[in-house]
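Undergrad: Here's a structure for you.
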Amino acid sequence: MNLVRAIYPGSFDPLTNGHLDLIERGSKIFDELIVAVLRNTEKDPLFTVSERLQMLEQMVRQYENVRVEAFEGLLVDYAMRKKAKAVLRGIRAISDYEYELQMALMNRKLEPQLETVFMMPAETYSYLSSRLVKEVFRLGGSVRGLVPEVVEQRLREKFHGSTIKNSS
Ligand code: PNS
C-alpha cells in the first residue's frame with residue numbers, strides 16, 4: 001500500500017493554535033505529515049529556527065504520524081527529497097487565496113507531481129496570524145487561547161526577559 005506523505009511548510013514564527021488546528025486536521029487525512037519550518041535568511045524572525053522547532057516538537061508529540069523538520073531552498077525540491085505527494089496549506093479567508101493560489105500554481109509549474117491541498121482551520125482561528133500575535137503581545141495585549149502555553153511563555157521571555165507566569 002502506498003503511504004501518502006504530506007509537507008506542511010511555513011515560517012511558524014511563532015506557532016499559533018490555528019497552525020495546530022491544521023496539523024491535527026492534516027494528521028487525520030495523511031498517513032504522514034512533516035511540519036517543515038523554512039530557514040529564511042531574508043526575513044527577520046522573532047524566534048530562531050531551533051526555538052520554533054522545539055516549540056513545534058513539543059506540541060506535535062501527541063501525533064504519531066507527525067514530525068517536524070527545517071528546510072531551505074525550494075519547497076518542491078525538499079518535498080521531492082522527502083517523497084511527499086502533497087503540500088498542505090491553510091486558507092483562513094478570501095484574502096489568503098490570491099497568495100496561496102500563486103504559490104500553489106508556481107509549485108505545480110516547478111513540480112507537476114506535487115499537489116497542494118488547502119484546508120480551513122476552525123473559524124475560531126480565521127483571524128489569527130503569527131504577525132498579529134507578535135504585535136498584540138508586544139503591545140501588552142493578551143494572546144491567551146490563541147497560541148499554546150509554551151509559545152506564550154517563550155513570548156514573555158523574548159519581550160520581557162521574564163519566566164514568571166503572566167496571570168492577566
Ligand atoms: O508561513 P509562510 O511564511 O506563509 O510560509 C511560506 C512558505 C515557507 C510556504 C513559502 O515561502 C515557501 O515555500 N518558501 C520556500 C521557497 C520556495 O519554494 N519558494 C517558491 C514558492 S512558490
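Undergrad: Using a 1.4 Å probe on the protein heavy atoms only, what accessible surface does Glu32 show? Give it in Å² to the nearest 10.
TA: Accessible surface of Glu32 is approximately 40 Å².
Undergrad: Something else: Kindly identify segment 1-42 as rounded, prolate or oblate by the Cα gyration tensor criterion: order the square roots of the eigenvalues as a ≥ b ≥ c, call it rounded if a/c is under 1.5, otherwise compare a/b with b/c, prolate if a/b is larger, else oblate.
TA: Working: a/c = 5.23, a/b = 1.56, b/c = 3.35.
In terms of gyration-tensor shape, oblate.
Undergrad: Under 23 Å between C-alpha atoms is the cut-off here; go through the chain and count lysine pairs that meet it, provided they're at least eight residues apart or on different chains.
TA: Step by step, the pairs that qualify in the chain add up to 10.
Undergrad: From the phi angles alone, apply the Karplus equation (6.51, -1.76, 1.60; θ = phi - 60°) to segment 24-35 and give each ³J(HN,Hα) in whole Hz, x where the residue is Gly or Pro.
TA: So the J values, rounded to whole Hz, are 4, 4, x, 5, 7, 9, 9, 5, 9, 10, 10, 7.
Undergrad: For the chain, build the charge dipole from Cβ charges (+1 Lys, Arg; -1 Asp, Glu) around the Cα centre, then report which of Asn40, Ser126, Met55 sits farthest towards its positive end.
TA: Met55
Undergrad: Explain nothing, just compute: Karplus ³J(HN,Hα) = 6.51 cos²θ - 1.76 cosθ + 1.60, θ = phi - 60°, for every residue of segment 120-131 in order, whole Hz, x for Gly and Pro.
TA: 9, x, 3, 4, 4, 9, 5, 9, 8, 9, 4, 4
Undergrad: Magnitude of the Cβ-charge dipole of the chain, K/R +1 and D/E -1, about the Cα centre, nearest 20 debye?
TA: Values: 24 positive and 23 negative charges, 30 e Å.
In total the dipole reaches around 140 debye.
Undergrad: Can you give me the distance in nm between label points at Arg108 and Phe159, each placed 7 Å from the Cα along the Cα-to-Cβ direction?
TA: For the pair Arg108/Phe159, the computed spacing is 4.0 nm.
Undergrad: Continuing with this model, one more query. List, largest first, the extents of the alpha carbons of segment 1-145 along their principal axes, each in whole Å.
TA: Cα extents, longest axis first: 49, 33, 31 Å.
Undergrad: Measuring from the lowest to the highest alpha carbon on each principal axis, how far does segment 1-83 reach, largest first, in angstroms?
TA: If we take the Cα atoms of segment 1-83, the spans are 42, 27, 17 Å.
Undergrad: Also: What percentage of all Cα-Cα pairs in segment 88-168 are separated by more than 21 Å? Can you show the working numbers first?
TA: On the way: 1503 of 3240 pairs.
In whole percent, the share of Cα-Cα pairs in segment 88-168 beyond 21 Å is 46.
Undergrad: Given R₀ = 35 Å, what would the calculated FRET efficiency be for Val117 paired with Arg138, taking r from the Cβ atoms and rounding to 0.05? Intermediate results must be reported in sequence, preceding the final value.
TA: Values: r = 33 Å, r/R0 = 0.95.
For Val117 and Arg138, the calculated efficiency is 0.60.
Undergrad: Still on this structure: At most 10 other Cβ atoms within 10 Å and a DSSP loop assignment: could you name the trypsin sites (Lys or Arg not before Pro) in segment 89-122 that fit?
TA: Values: sites: Arg89, Arg92, Arg108, Lys109; in loops: Arg92.
Those that pass, being in a loop and sparsely packed, number zero.
The values are calculated or read from the model by the stated rules, or taken from the named source; none is laboratory data. Remember, it's a predicted structure, so these values are computed and weren't measured experimentally. For neighbour counting, all protein chains shown are included, and Cβ atoms are generated from backbone atoms with ideal geometry for every residue, glycine included. These area figures cover heavy atoms from the full protein model, side chains too; ligands, DNA and RNA do not enter into them. Shrake-Rupley method; radii C 1.70, N 1.55, O 1.52, S 1.80 Å.
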